[in-house]
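So the structure is just underneath, and the comments pick up after that.
The values are calculated or read from the model by the stated rules, or taken from the named source; none is laboratory data. What you see is a predicted model, and the numbers here were worked out from it, not measured in a lab. Heads up, the Cβs are rebuilt from the backbone with ideal geometry, glycines too, and the neighbour counts pull from every protein chain shown. To get the accessible areas, we keep the full protein, side chains included, count just its heavy atoms, and leave off ligands, DNA and RNA. Shrake-Rupley method; radii C 1.70, N 1.55, O 1.52, S 1.80 Å.
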Amino acid sequence: MVNNLFDDIGFFYDLLYQDKDNKSEVNYVDSIIKDFGNKGKTILEFGSGTGRHSLHFAELGYKIHGIERSLSMVNSAKKTQGFTCEQGDITKIKLNSKFDNVISLFHVFSYLTNNSQVKKLLINANYHLKEGGLFIFDFWYSPAVITIKPEVRIKRFSNDQYSIIRIAEPKILVNKNIVEVNYTFLIKKILTNENLTIKELHPMRHFSIPEIEFMCNETGFKLIKAEEWLTGNKPSENSWGVCLVLKKI
């Protein structure tokens, strides 16, 4: 029984999210980039996972480099022309290249549970951007989390190698704007009939738009767009995921 965040589920991460429409999400981000007249085709991705988004960006002609802290996920990533990745801390890593865009998708931003981490990430995104470059990311939106409230969820996944039951049990830390999601993975290896249990604790912070905007102003960014993730609607108490677009100034 282990609890190292993401390292231990890296080998079946893609199975867990096989139904996630990464291509539509990439097309959505691509449209944002084009809407703001950013014709540059280089992207730095903070929290690239196994490259599920990056591969689609490469198909659209972008040259994308991913940073991912989980070594097992980096090792599981499918490399292709236009996509490279490496292990690293997205709040600290310093590369010798500047990029037209920095992105951080699938609520990676919400894993930053204190203000110091948020500011370090914003500063690091700014450092890696060319002048006028965009930082695009999504996060858990406080009004929705407070209104809808997370609940216990059970999902089942399977392929020819694994049969997995995932139990997600949330604990709400009201005064910290954090939800601690306790994951239990009950895994059966089909070929060997071996059973394995993995436990992980995922602390997720939810944010309001003004608090992020305040930190943007302190780290060399201007907030230029805020909308519900994928739909483009105005954020509301039903918008669990919100997308922000920041411009380096």
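The set of residues from the range 80-104 being β-branched (Val, Ile, Thr) and either in a loop (DSSP other than H, G, I, E, B) or under 14 Å from residue 50 (Cα atoms) (or both) comprises 80, 84, 90, 91, 93. Pull up the range 65-90, narrow it to residues that are closer than 15 Å to residue 103 by Cα and open to solvent by less than 20 Å² (accessible area, probe 1.4 Å), then point me to the one that is farthest from the chain's Cα centre (by Cα). Filtering the range 65-90 for residues that are closer than 15 Å to residue 103 by Cα and open to solvent by less than 20 Å² (accessible area, probe 1.4 Å), the one farthest from the chain's Cα centre (by Cα) comes out as 83.
Of the strands (runs of 3 or more DSSP E) lying entirely inside the range 168-249, those containing at least 1 residues that are among the hydroxyl-bearing types (Ser, Thr, Tyr) are 178-189, 194-207. Pairs, please: C-beta under 9 Å, at least 6 apart or cross-chain, first residue of a type in the set (Ser, Thr, Tyr) and in the range 67-89, second open to solvent by 70 Å² or more (accessible area, probe 1.4 Å)? The qualifying pairs are 70/4; 70/87; 72/11; 76/11; 80/59; 84/63.
In the range 181-191, the count of residues that are at pLDDT below 95 and surrounded by fewer than 12 Cβ atoms within 10 Å (Cβ to Cβ) is one or more. In summary, residue 139 fulfils each of the numbered conditions (1) open to solvent by 60 Å² or more (accessible area, probe 1.4 Å); (2) in contact with a Cys (Cβ under 9 Å, 6 or more places away or on another chain) with the single exception of condition (1). In the set (1) without any contact (Cβ under 8 Å) to a residue 40 or more places away in the chain; (2) within 14 Å of residue 110 (Cβ to Cβ), the condition left unmet by residue 178 is number (1).
State yes or no: is residue 33 in a loop (DSSP other than H, G, I, E, B), among the aliphatic types (A, V, I, L, M) and crowded, with 19+ Cβ neighbours inside 10 Å? It would help to see each step written out before you state the result.
On the way: in a loop (DSSP other than H, G, I, E, B): no; among the aliphatic types (A, V, I, L, M): yes; crowded, with 19+ Cβ neighbours inside 10 Å: yes.
Considered against the rule, which asks whether it is in a loop (DSSP other than H, G, I, E, B), among the aliphatic types (A, V, I, L, M) and crowded, with 19+ Cβ neighbours inside 10 Å, residue 33 comes out as no.
Restricting to the range 142-168, what's the tally of residues that are open to solvent by less than 10 Å² (accessible area, probe 1.4 Å), of a type in the set (Gly, Ala, Ser) and under 30 Å from residue 195 (Cβ atoms)? Total meeting the criteria: 0.
Taking residue 79 as the residue in question, decide whether it is out of contact with any strand residue (DSSP E or B) (no Cβ under 9 Å at 6 or more places or on another chain) and on the phi < 0 side of the Ramachandran plot. Break it down into steps so the answer makes sense when it comes.
Numbers: out of contact with any strand residue (DSSP E or B) (no Cβ under 9 Å at 6 or more places or on another chain): no; on the phi < 0 side of the Ramachandran plot: yes.
Spelling it out, it is not the case that residue 79 is out of contact with any strand residue (DSSP E or B) (no Cβ under 9 Å at 6 or more places or on another chain) and on the phi < 0 side of the Ramachandran plot.
Figure legend. Inter-residue proximity from the range 187-215: first residues closer than 30 Å to residue 239 by Cα, second residues among the acidic types (Asp, Glu) and open to solvent by less than 80 Å² (accessible area, probe 1.4 Å), beta-carbon distance below 7 Å, spacing 6+ or different chains. Indicated pairs: 201/180; 203/180.
Is the range 237-246 home to any residue that is surrounded by fewer than 19 Cβ atoms within 10 Å (Cβ to Cβ), more than 27 Å from residue 149 (Cα to Cα) and of a type in the set (Asp, Glu)?
Checking the range 237-246: not a single residue is surrounded by fewer than 19 Cβ atoms within 10 Å (Cβ to Cβ), more than 27 Å from residue 149 (Cα to Cα) and of a type in the set (Asp, Glu).
Answer yes if at least one residue in the range 36-54 is among the hydrophobic types (A, V, I, L, M, F, W, C), crowded, with 23+ Cβ neighbours inside 10 Å and in a helix (DSSP H, G or I), and no otherwise.
no
When residue 198 is tested against (1) open to solvent by less than 70 Å² (accessible area, probe 1.4 Å); (2) modelled with pLDDT of 95 or more, just one condition goes unmet, and that condition is (2).
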